[in-house]
1. Given 10 °C and 1.306 mPa s, compute D for segment 106-148 with the Stokes-Einstein relation, Rh being the Kirkwood radius over Cα pairs; round to the nearest whole µm²/s.
2. With springs only between Cα atoms under 10 Å, which of Leu147, Leu59, Leu49 fluctuates most in a Gaussian network model of the chain?
3. Where the centroid of each part is defined by its Cα atoms, how far is segment 10-53 from segment 162-216 in Å?
4. Report, to two decimal places, the Cα Rg of the chain normalised by 2.2 N^0.38 Å (N = number of residues).
5. Under a cut-off of 16 Å between alpha-carbon atoms, report the lysines in cross-link reach of Lys15, not counting same-chain residues fewer than 8 places apart.
6. If the cut-off is a Cα-Cα distance under 14 Å, which aspartates and glutamates reach Lys218, setting aside same-chain residues fewer than 8 apart in sequence?
Amino acid sequence: MSNAFYAPGEPRAAKVNDLFAAIARRYDLLNDLQSFGLHRRWKRRVAKLAAAAPGTRALDLCCGTGDIAFALARRGAETTGLDFSDKMLEVAVARSRKQKASTSSSQLATPKFIQGDAQQLPFPDNSFDIVTVGYGLRNLASWERGLDEMFRVARPGARIIVLDFGKPPNSLWRKIYFTHLKISVPLIGWLFCGNAQAYAYILESLKHYPAQLAVAEKMRALKLANVRVINLLGGAMAINYGEKPAGSF
Ligand SMILES: C[S@@+](CC[C@H](N)C(=O)[O-])C[C@H]1O[C@@H](n2cnc3c(N)ncnc32)[C@H](O)[C@@H]1O
């Protein structure tokens, strides 16, 4: 895997964009295969923790094909999904159309999808009650910058939630899990998507991402309230949760 993926700034963004353009059509299928369908449960958990409800405004960053955005919208939040990959967004929009066509309810809330950069959000400060990102922060040229932007557009009292691959604290489990990411995940990528390299990228990107503990530390540095780490599968996945304190602008 080329080091160009990890060069700061635009070169990395362009590489990551090419990668998701290449796998967009098979992305959902591969997620199901690689996580044994568990990613759906974790994403629903994000929407539940977010307390998405009618009357709330939600933003899902790096929304990809829209799983978390749909989960937030299903709970009644007025939801925007943002991603920089037009190919991933095409899949999200097609899912949205399909969902609308297959339901008789004119009340069905579906997310709005827009193209944009998670590191430079096109929204004013204090705009959303919920700001989420799933499997996205790790892909940014600067994950800290991504969190700063999430904080900026969140309203005081807003829930800020990050779901991503984690680093298990137990060293034996960490070895087993990294071996799965190194061998079986690229193999499944190759078998079902013809692209092993795109999936080998997960482990590489994780090596360059300090994961749940550093995200929690950064949330505390931003003075978020009720900062929590929820480890899933012994920390192989993690949800970071925090609330923008009331009175902070
Ligand atoms: C692994 S996918 C996650 C998709 C979705 N959130 C999910 O959980 O299934 C990562 C997404 O991040 C997007 N992405 C990466 N860097 C981005 C950036 N700087 N701005 C916006 N989207 C970005 C990619 O296009 C891709 O769709």
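1. On the way: Rh = 12.3 Å.
Answer from the Stokes-Einstein relation: 129 µm²/s.
2. Leu49
3. 13
4. Working: Rg = 17.2 Å, N = 249, 2.2 N^0.38 = 17.9 Å.
After normalising by residue count via 2.2 N^0.38 Å, the value is 0.96.
5. Here the lysines satisfying the reach criterion relative to Lys15 are Lys87.
6. Within the straight-line cut-off, Lys218 pairs with Glu144, Asp148, Glu149, Glu243.
Here, each number is a calculation from the coordinates, and none is a lab measurement. All values reported here derive from a predicted model rather than from experimental measurement.
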